[in-house]
Amino acid sequence: YVPDNAISSEDAQCHPEEVHITFGDKVSDVVIMWSTVGNCSSSVEYGPGPWGLAHRAQGETKLFTETNPNGKHYLHRVEVKDLGSSTTYFYRPTSNGVSSGPFYFKTPPSGYDWSPEFLVYGDLGVESDAISALETEALSGKYTSIFHVGDFAYNMEDEGGMQVNDTHKNDTSMDLCENKRGDTFLRLIEDFSSRVQYLTSPGNHEIDQGSFAHYRYRFSTPGTSWPIPLNKMWYSIDIGQVHFVSYSSEVFFTSDGQYIAEQEKWLKADLKQANDNRARCPWVIVLGHRPMYCSNSDGDDCTKADSKVRAGLEDIFFNYGVDIVLQAHEHSYERLWPQYKGVVLSKNYTNPQAPVQLISGAAGSKYKGDNEKARREEWSAFTNTDESLNSVGKLKIMNSTHLYWEQYNLLTKRVIDS
Ligand SMILES: [Fe+2]
């Protein structure tokens with residue numbers, strides 16, 4: 001075993017690894033991130049064809065050691081702004097003249113009147129059986145972006161020489177390994193996260209003893225400085241006719257609740273602005289890791305009458321007319337009828353009078369699936385424990401009045417619900 005930092009050549013020290021991309025403040029801006037062993041510079045060469053990349057953008061390098069004693073220590077972020085619409089760009093991340101790729105991505109059309117399609121899931125670990133199938137799906141060319149709604153790798157800070165404190169299911173097996181799980185995860189998803197804009201939300205497995213360090217350093221989110229500050233783990237972005245809002249369900253469980261009020265204030269202001277813009281962006285879709293309601297039998301927050309997430313968010317989403325709430329955390333799939341405080345307002349989705357809640361947290365991990373309780377409430381329209389594992393959501397915006405959702409099992413290739 002040769003530790004990474006014992007390799008002295010610049011090629012090895014500066015080779016860009018774990019490349020992934022996301023949107024900047026708007027969809028014509030793309031942020032490119034990667035990791036290196038050594039302290040190397042950050043730039044990207046890019047252009048409209050794979051050869052002779054003529055454009056160059058500079059970015060920044062950050063030293064990342066917090067809860068990361070043995071992982072790759074240098075993280076890179078380069079933002080490429082004001083790209084052309086509906087264009088495929090090729091790019092090479094470059095550190096001290098050492099490049100990898102070329103990788104490629106496409107930019108969305110401009111304006112509002114087009115029909116984007118998204119992949120949506122949470123709870124994807126390095127031990128998922130579905131990563132290869134997910135890669136094939138993600139690279140089909142259909143998707144404008146991917147939303148990973150919390151819980152990455154299980155856990156990114158593990159295998160770094162730290163004592164692991166995994167509160168999710170009392171699992172202690174990971175401290176036997178010598179790798180670095182955040183690096184492993186980003187390497188596993190690189191083939192598609194380097195080519196399809198990968199948007200993120202924080203989950204409970206990113207808490208990292210309250211620091212969220214791996215999440216804040218390894219990812220970048222629209223309209224937010226980098227590393228992402230603890231008091232700004234939320235963002236919004238317009239994609240076509242949708243105003244997407246990502247919030248942190250973790251504010252209710254960390255830092256003695258000191259960020260709850262700040263997020264709430266931001267959420268209300270953001271949703272008010274979104275409502276003022278409904279003529280152009282008729283859909284408002286919010287995403288956050290832990291659900292407000294669920295039919296699972298595991299005793300999680302969403303199963304409780306006094307759920308903290310529900311108490312903190314349900315009224316806001318209802319009052320501001322949010323259309324859809326995309327959630328994860330439960331390792332299963334569930335679709336709810338439009339309902340408010342447990343009262344079902346309709347048993348169809350025609351002009352729903354309350355936000356429609358979906359749970360898609362079964363992209364696969366060592367924890368496998370979560371079971372449902374024996375008797376479900378009236379608001380539970382559909383759940384399927386058996387076929388949920390290894391499934392992801394597909395969201396397609398048809399136009400200003402219709403959208404389509406389905407839950408798709410990556411391994412059986414069966415649509416389990418639509
Ligand atoms: Fe979770």
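GNM on the chain, C-alpha springs below 10 Å: top fluctuator among Met398, Met292, Met156?
Judging by the Gaussian network model, the answer is Met398.
Starting from the Cα of Lys396, draw a straight line to each of the lysines and keep only those under 16 Å, dropping any in the same chain fewer than 8 residues away.
Here the lysines satisfying the reach criterion relative to Lys396 are Lys142.
Lysine pairs in the range 4-106 8 or more apart or on different chains: how many have alpha carbons under 22 angstrom apart? Don't skip to the end; give the middle numbers.
Working: Lys26/Lys81; Lys26/Lys106; Lys62/Lys72; Lys62/Lys81; Lys81/Lys106.
Pairs that pass both the separation and distance tests number 5.
What are the residues whose amide H is under 5 Å from the amide H of Ala153, where those residues sit 5 or more places off or on another chain and H is modelled from the backbone?
Leu124, Gly125, Val126
Using only the heavy atoms of the protein chains and a 1.4 Å probe, how would Leu139, Leu403 rank by accessible area, largest first?
Leu139, Leu403
Among Lys232/Lys272; Lys265/Lys373; Lys272/Lys308, which pairs are too far apart, with a Cα-Cα distance over 28 Å?
As for pairs spanning more than 28 Å Cα to Cα, those are Lys265/Lys373.
Starting from the Cα of Asn277, move 7 Å in the Cα-to-Cβ direction to define the label point; list residues of the range 223-246 whose amide nitrogen is under 13 Å from there.
Counting backbone N atoms under 13 Å from the label point, the list is 223, 235-246.
Taking the Cα centre of the range 4-106 as origin, sum charge times position over the Cβ atoms of Lys and Arg (+1) and Asp and Glu (-1), and report the length of that vector in debye to the nearest 20. Walk me through the intermediate numbers first.
Working: 8 positive and 12 negative charges, 51 e Å.
I would put it at about 240 debye.
Rank Tyr46, Thr94, Asn70 by how far each Cα sits towards the positive end of the charge dipole of the range 4-106 (+1 on Lys, Arg Cβ; -1 on Asp, Glu Cβ) and give me just the farthest.
Value computed over the given set: Tyr46.
What's the ranking of 215-226, 367-378 by average number of surrounding C-beta atoms within 10 Å, highest first? Present the calculation step by step, with values, prior to reporting the outcome.
Values: 215-226: 21.5, 367-378: 14.8.
Taking the mean over residues of other Cβ atoms within 10 Å, the ranking is 215-226, 367-378.
Looking at the chain, send over the antiparallel percent of its DSSP beta bridges, to the nearest 5. Each step should come with its number before you reach the end.
Details: 58 of 82 bridges.
Around 70 percent antiparallel, to the nearest 5.
Based on Cβ point charges of +1 for Lys and Arg and -1 for Asp and Glu, what charge dipole magnitude is obtained for the chain about its Cα centre, in debye rounded to the nearest 20?
1140
Which shape class, rounded, prolate or oblate, goes with the range 117-417 when its Cα gyration tensor gives a ≥ b ≥ c as root eigenvalues, a/c under 1.5 marks rounded, and past that a/b bigger than b/c marks prolate?
Because its axes are fairly even, with a/c under 1.5, the range 117-417 counts as rounded.
Could you check the spin-label model distance between Ser85 and Lys347? Points 7 Å from the Cα along Cα→Cβ, value in nm.
4.3
Restricting to bridges with both residues inside the range 309-418, how much of the DSSP beta-bridge set is antiparallel, in percent to the nearest 5? Let's see the in-between values first.
Numbers: 17 of 21 bridges.
If we restrict to bridges inside the range 309-418, about 80 percent are antiparallel.
May I ask you to give the percent of accessible area on the chain that is carbon plus sulfur, with a probe radius of 1.4 Å?
The value for the chain is 47 percent carbon and sulfur by accessible area.
When the chain is fully extended, how far beyond the present Cα-Cα distance does Asp386 get from Thr401, taking 0.36 nm per residue of separation?
Details: separation 15, 0.36 × 15 = 5.40 nm, distance 3.26 nm.
The span from Asp386 to Thr401 would gain 2.1 nm if fully extended.
The values are calculated or read from the model by the stated rules, or taken from the named source; none is laboratory data. Computed from a predicted model, the values in this text were never measured in an experiment. A quick note on method: Cβ atoms are made from the backbone with ideal geometry, for glycine too, and the neighbour counts reach across all protein chains shown. Just the protein is used for accessible areas: all its heavy atoms, side chains included, with ligands, DNA and RNA removed. Shrake-Rupley method; radii C 1.70, N 1.55, O 1.52, S 1.80 Å.
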